[in-house]
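A.B. asks: Below you will find the structure I want to go over with you.
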Amino acid sequence: MQKLERKFVEKVWGVDRLPPVFGAPQDVRIGEVWYDPPAELQSLLVKALFASERLSVQAHPSDDQAQAMGLGRSGKSECWVITAAEDGATIAVGFRERVSPEAMRSAALDGSIVDLLEWHPVERGDAFYIPAGTVHAIGGGVSLIEVQQNTDITFRLYDYGRPRELHLDDAMQVAITEPYPSHYRSRLGEDTQLVDSEHFRLASVATNETGAIAEWIGKALLIPFEGRASVDGVELAIGECSFVDDIATVEIGGDGLLLVAQPQG
Ligand SMILES: O=P(O)(O)OC[C@H]1O[C@@H](O)[C@@H](O)[C@@H](O)[C@@H]1O
């Protein structure tokens, strides 16, 4: 088992103070904690996100689109598990109704795209799979764990007038201008398989009942979500992410809830 190194990333929409378990520098607006992918598992990246304000409205390319655009081999599908949400917090995923690409473009230019999106109320434990092409924006007052394909290609459609680069023409090539299919949503406690996609799968596993991953073999990433969890007797603290070479051969213990991610395909 290998605990992954953490990297703190400043973001305009980040928070002034991360939970103490992260030991983050003070006086810096941190929005993301990146867990450095190990040499043995480079295809997935895990992040913890902390948003005090809305992130950009954005979309990511698929593998084929990224390759056709000369941006490398990998696109970016991702998933989120909400770890904390202030009262009334929302995230935007997909459109309320189907829109034409032209209507999306002009709404991105004047900012009214924010009102075309479906803003979903969220609470701790809600999970969303976000396939490449889904137009999305994480709202303020939300913290989450993200598991994503390991690439950093984000096409911003709209950024609330913040002075950051937009990528509207690229986004137009990849954005799906439709409502978000509800079967991509799940909830910890009700569902054990949160994501089962082309590129990765994600399960929520109670440390005393690991049936959800009984058939899993091979490399995996473990992210403690709640309570106390251990692997082969070593405690996994909240705020950490660990790599194991073969999930089938490790002994999970403790009294808590773990997220377990594994590459597929
Ligand atoms: O473009 P900004 O607003 O900084 O957001 C960038 C972030 O967006 C989120 O939705 C995720 O895709 C993160 O992996 C990404 O780093």
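The values are calculated or read from the model by the stated rules, or taken from the named source; none is laboratory data. Computed from a prediction, not measured in an experiment: that's the story for all the values here. Methodologically, a virtual Cβ is constructed for each residue, glycine included, from the backbone with ideal geometry; neighbour enumeration extends over all protein chains shown.
A.B. asks: For K11, are the conditions met, namely being within 15 Å of the ligand (Cβ to nearest atom) and either at pLDDT 95 or above or assigned by TED's automatic domain parsing to the domain that holds F243 (or both)? Working first, answer last.
C.D. replies: On the way: within 15 Å of the ligand (Cβ to nearest atom): yes; either at pLDDT 95 or above or assigned by TED's automatic domain parsing to the domain that holds F243 (or both): yes.
In short, yes.
A.B. asks: Just the residues that are surrounded by fewer than 19 Cβ atoms within 10 Å (Cβ to Cβ), out of contact with any helix residue (DSSP H, G or I) (no Cβ under 8 Å at 6 or more places or on another chain) and part of a loop (DSSP other than H, G, I, E, B), please, taken from segment 167-206.
C.D. replies: H167, E178, P179, P181, G189, E190, S197, E198
A.B. asks: Quick check on segment 89-112. Is at least one of its residues on the phi > 0 side of the Ramachandran plot, within 16 Å of the chain's Cα centre (by Cα) and assigned by TED's automatic domain parsing to the domain that holds Q149? Steps first, answer last, please.
C.D. replies: Of all residues in segment 89-112, those on the phi > 0 side of the Ramachandran plot come to 94, 111.
Keeping just the survivors that are within 16 Å of the chain's Cα centre (by Cα) gives 94.
Still in the running and assigned by TED's automatic domain parsing to the domain that holds Q149: 94.
Taking every residue of segment 89-112 in turn, at least one turns out to be on the phi > 0 side of the Ramachandran plot, within 16 Å of the chain's Cα centre (by Cα) and assigned by TED's automatic domain parsing to the domain that holds Q149.
A.B. asks: May I pose another question? Which residues, counting only those in segment 31-68, are away from the ligand (no atom under 11 Å from the Cβ), assigned to a loop (DSSP other than H, G, I, E, B), farther than 14 Å from D152 by Cα and in contact (Cβ under 8 Å) with a residue 12 or more places away in the chain?
C.D. replies: Matches in segment 31-68: P38, E40, L41, S52.
A.B. asks: For N150, only one of the following conditions fails: (1) within 13 Å of the ligand (Cβ to nearest atom); (2) surrounded by 21 or more Cβ atoms within 10 Å (Cβ to Cβ). What is its number?
C.D. replies: Only one criterion in (1) within 13 Å of the ligand (Cβ to nearest atom); (2) surrounded by 21 or more Cβ atoms within 10 Å (Cβ to Cβ) is unmet by N150, namely (2).
A.B. asks: Quick one: what pairs do we get from segment 170-187, first residue touching a residue at least 24 places away in the same chain (Cβ under 8 Å), second surrounded by fewer than 17 Cβ atoms within 10 Å (Cβ to Cβ) and of a type in the set (D, E), C-beta under 9 Å, 6+ apart or different chains?
C.D. replies: E178/E97; P179/E97; P179/E118; Y180/E118
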